[in-house]
Structure formats: C-alpha cells, structure tokens
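Chemist: Here's a structure for you.
The values are calculated or read from the model by the stated rules, or taken from the named source; none is laboratory data. Just so it is clear, the structure is predicted and the values come from calculations on it, not from any experiment. Glycine also receives a Cβ, built like all others from the backbone with ideal geometry; neighbour counts cover every protein chain displayed.
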Amino acid sequence: MKFLRMRPGYGEQLIAEGDPEVAEDQQRLVAEFRKQLELGMWAAIPVESESGRREAEMVHRFDQIPQAADRVIFFPRAAGGAA
C-alpha cells in the first residue's frame, strides 16, 4: 500500500509505503495516516465505478481502507467557503 500526498504544483508525492499485513509496516502506516489527518488533510481511496468512471471514496479511519486498496491519497481541504 502506498500513501501519496497531493501538493499543488508538484502532483502526487510518496510519503509512506508498506504491507499492512506486516505488523511493523501496519504500525508505521497507521501512524502516518493519523499524522496526515492531524495536519488537516483529507484521505481518499481511488475507485472505479461500474460504468468505468474513476472516483474517490473518502476514508476517516485506517480500518476503513479496503484490503484491496493499493494506495491512499491525502489532499488539503479547500480554503474559503461560503459565509
């Protein structure tokens, strides 16, 4: 599994990689997952719909990541918003 962070102007950057079935890797991945959320990032899993359209599924906890997922993408929350 790979953890990627989206950075404006830089695209995807690899921030962690490991096998969640290996205890040491899982601990490191869980710690990095929590760190990114604490930094205010959102996490999403790329998925493909039945029609073949590429979409993303938001995750809020490490245990929500499907075992078949090969990557998690972290991206900053949008600034601003309606008053």
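Chemist: Out of the residues in segment 42-68 that are in a strand (DSSP E or B) and of a type in the set (Asp, Glu), state the one that is farthest from the chain's Cα centre (by Cα).
Modeler: Step by step, filter segment 42-68, then rank; the result is GLU48.
Chemist: Can you name the condition, by its number, that PHE33 falls short on among (1) on the phi < 0 side of the Ramachandran plot; (2) modelled with pLDDT under 95?
Modeler: (2)
Chemist: Can you tell me which residue within segment 21-66, out of those that are closer than 12 Å to PHE3 by Cβ and small (Gly, Ala, Ser), is surrounded by the fewest Cβ atoms within 10 Å (Cβ to Cβ)?
Modeler: Filtering segment 21-66 for residues that are closer than 12 Å to PHE3 by Cβ and small (Gly, Ala, Ser), the one surrounded by the fewest Cβ atoms within 10 Å (Cβ to Cβ) comes out as ALA31.
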